[in-house]
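Participant: Before I ask anything, here is the structure I am working with.
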Amino acid sequence: MTPANLLDFDLDGLAAYCEKLGEKRFRATQLFRWIHQKGEADFSAMSDLAKSLRDKLAGVAVVSPLSIVNEQASSDGTIKWLFDVGGGNAVESVFIPEDDRGTLCVSSQAGCAVGCRFCSTGHQGFSRNLTTGEIVAQLWFAEHHLRKRLNLAPGERAITNVVMMGMGEPLQNYSALVPALRVMLDDHGYGLSRRRVTVSTSGVVPMIDRLREDCPVALAVSLHAPDDALRDNLVPLNKKYPITELFDACNRYLERAPRDFITFEYCMLDGVNDTQAHAEALVQISRRVSCKFNLIPFNPFPESGLTRSPRERVMAFARVLQDAGVVTTVRKTRGDDIAAACGQLAGEVQDRTNVAQRMTRSPIQIHRKTPSSNPPEKHA
C-alpha cells in the first residue's frame, strides 16, 4: 500500500487520518505543527509525539517533499525553483523578497488549459492538476529552506504572503486548492492572514462563488481587456463567462472577502489593449465593482506574437485611471532575468491537450477595434 503523504491533509483531514490510527485530535495538532511550523519530515525526530504513534506513522505515512530540479537567483533577489512532479512534468515557484514582506508565487497545475494569449504557461498546454500535497510542498520547502538560508530568528517567517499566480488556473483545481489554502491559513500551520493569501483566476465564475463560501481569501482576476470582444481573444475563458457575469460574481465575492476590493490584473500589450480609449472604457466598467488595477508589463516570448507596451504609454494609461479615482499600481517587474516574472513561468509540461499545436495552427486574431466607453449592461 502506498504510504499517505501527510502534506495532502489540512488539519481536519489529518485529524480524521489519525483517528483511523486510533489517535485523538490533539495528536494530529502536534503532528501538524511539527510538519508545517518546524518543517520536520522525520517522525522519529518529533519528540513530543507518543512513541507508539511515531512507530505507527513510520509504517504507513510520509512527509513527501518535491525534488528540486533547478534553482535560479535573480540580480534583484528573486529566487525561482523548478520542482519535479513526475511523469516528465516540472512546475515553478518564485520567491519575491521586499523590505516589508516575502511573497511566494505558487503553482497549482502542471501547465494550464486556459490558453491565455500572453502567458507562456498556456502555450505549453496542460498535463494534470497538482495534488494538495504538491501545492503545499512548494510553501513547505520555501519557508523552511529560506529560514536557514536567511538565518532568521526562531519564529520569524520567511514567507508572509502567498499568491496562487504560478503555473495553472487555481480554480480549475478546486478540490486540491481549498485544503492547501486551509493549511496556509491555519494557526497551527503557516498562520497566514486571509488578506495575505491571494488566489488569481482568469474568471471561473462558478468556482469564484464556491470559494466565497468555502475559503474566502483575497481575489485577483486576470482581466486584460475592457470589453468582451477583445477579452475573448486574450482570455478564451471569457467566451464561457463574459465580463458581465464575471463582475457579478466579483460583487458576490466581496460580501465575504477579507479585502474590500477585487484586484484586476491587466497585462499591457503594445497596440492591443493599451490605448487611452481602452483606459477610459476601464474607468467606466470599474464603477460596477469595488476594485483596484494592477498594470503588468508584458514579458515577451516568441510564440505570443505580442510585444510590451512602452513605459510612457503604461504610465499615461495609469494616469487616466488614477485621475478618475481608480486605485491603480504598475507592477514592478521582478526576476525577468531568470524568466520568473509574471507570465513567464513555464516549467516542463507533457501536454495532453494539444494546446501548443492548436495555437500554432490557429493563431488568435487580436481585436483592435477601439472599444466603446459604455459599460456592458447588467443582466436583469
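The values are calculated or read from the model by the stated rules, or taken from the named source; none is laboratory data. None of these values were measured; they are calculated from a predicted model. Positions of Cβ are generated from backbone atoms using ideal geometry, with glycine treated the same way; all protein chains shown enter the neighbour counts. What goes into the accessible areas is simple: the full protein's heavy atoms, side chains included, and nothing from ligands, DNA or RNA. Shrake-Rupley method; radii C 1.70, N 1.55, O 1.52, S 1.80 Å.
Participant: Listed residues Asp48, Asp100; which is open to solvent by 30 Å² or more (accessible area, probe 1.4 Å), of a type in the set (D, E, K, R) and closer than 29 Å to Cys267 by Cβ? It would help to see each step written out before you state the result.
Facilitator: On the way: Asp48 fails: closer than 29 Å to Cys267 by Cβ.
Just a single option satisfies the conditions, and that option is Asp100.
Participant: Would you confirm whether or not region 27-36 contains a residue that is without any contact (Cβ under 8 Å) to a residue 60 or more places away in the chain, exposed (fewer than 13 other Cβ atoms within 10 Å of the Cβ) and of a type outside the set (A, V, I, L, M, F, W, C)? So that I can check it myself, show each step before the final result.
Facilitator: Taking region 27-36 first, the residues without any contact (Cβ under 8 Å) to a residue 60 or more places away in the chain are 27-28, 30-31, 34.
Of the ones still in play, those that are also exposed (fewer than 13 other Cβ atoms within 10 Å of the Cβ) are none.
No; the residues of region 27-36 include none that is without any contact (Cβ under 8 Å) to a residue 60 or more places away in the chain, exposed (fewer than 13 other Cβ atoms within 10 Å of the Cβ) and of a type outside the set (A, V, I, L, M, F, W, C).
Participant: State which residue is surrounded by the most Cβ atoms within 10 Å (Cβ to Cβ) when the search covers only region 178-188 and only residues that are touching a helix residue (DSSP H, G or I) at 6+ places or on another chain (Cβ under 6 Å) and assigned to a helix (DSSP H, G or I). Steps first, please.
Facilitator: Step one: of region 178-188, the residues touching a helix residue (DSSP H, G or I) at 6+ places or on another chain (Cβ under 6 Å) are 178-180, 183, 186, 188.
The next check asks that each one be assigned to a helix (DSSP H, G or I); those that pass are 178-180, 183.
Working: Val178: 18, Pro179: 21, Ala180: 30, Val183: 27.
Once the filter is applied, the top-ranked residue is Ala180.
Participant: Just to confirm my filter: which helices (runs of 4 or more DSSP H) fall fully inside region 189-253 and include at least 2 residues that are open to solvent by 10 Å² or more (accessible area, probe 1.4 Å), out of contact with any helix residue (DSSP H, G or I) (no Cβ under 9 Å at 6 or more places or on another chain) and over 21 Å from Val178 (Cα atoms)? Reasoning before the result, please.
Facilitator: Details: elements: 205-214, 228-234, 243-253.
Qualifying helices (runs of 4 or more DSSP H): 228-234.
Participant: For region 54-88, which residues satisfy the criterion of being open to solvent by less than 30 Å² (accessible area, probe 1.4 Å), polar (S, T, N, Q) and touching a strand residue (DSSP E or B) at 6+ places or on another chain (Cβ under 6 Å)?
Facilitator: Matches in region 54-88: Thr78 only.
Participant: Any residue that is under 26 Å from Thr333 (Cβ atoms), under 15 Å from the mean Cα position of the chain (by Cα) and assigned to a loop (DSSP other than H, G, I, E, B) - is there at least one of those in region 84-92? Even if it seems obvious, please write down each step before you answer.
Facilitator: The first filter runs over region 84-92 and keeps only residues under 26 Å from Thr333 (Cβ atoms), leaving 90-92.
Still in the list and also under 15 Å from the mean Cα position of the chain (by Cα): 91-92.
Next cut, assigned to a loop (DSSP other than H, G, I, E, B) only: none.
Among the residues of region 84-92, not one is under 26 Å from Thr333 (Cβ atoms), under 15 Å from the mean Cα position of the chain (by Cα) and assigned to a loop (DSSP other than H, G, I, E, B), which makes the answer no.
Participant: Please enumerate the residues belonging to region 109-142 that are hydrophobic (A, V, I, L, M, F, W, C) and either open to solvent by 20 Å² or more (accessible area, probe 1.4 Å) or not in a helix (DSSP H, G or I) (or both). Can you show your working first?
Facilitator: Narrowing region 109-142 to residues hydrophobic (A, V, I, L, M, F, W, C): 110, 112-114, 116, 118-119, 126, 130, 135-137, 139-142.
Once the filter is applied, which keeps residues that are hydrophobic (A, V, I, L, M, F, W, C) and either open to solvent by 20 Å² or more (accessible area, probe 1.4 Å) or not in a helix (DSSP H, G or I) (or both), region 109-142 yields Ala110, Cys112, Ala113, Val114, Cys116, Phe118, Cys119, Phe126, Leu130, Trp140, Phe141.
Participant: Within region 131-150, does at least one residue satisfy the condition of being among the aliphatic types (A, V, I, L, M) and in contact with a Gly (Cβ under 6 Å, 6 or more places away or on another chain)?
Facilitator: Residues of region 131-150 that are among the aliphatic types (A, V, I, L, M), as a first pass: 135-137, 139, 142, 146, 150.
Now drop any that are not in contact with a Gly (Cβ under 6 Å, 6 or more places away or on another chain), which leaves none.
No.
Participant: Further question on the same structure: Which condition from (1) assigned to a loop (DSSP other than H, G, I, E, B); (2) over 20 Å from Thr132 (Cβ atoms) is the one that Ala41 breaks?
Facilitator: Evaluating Ala41 over (1) assigned to a loop (DSSP other than H, G, I, E, B); (2) over 20 Å from Thr132 (Cβ atoms) leaves (2) as the failure.
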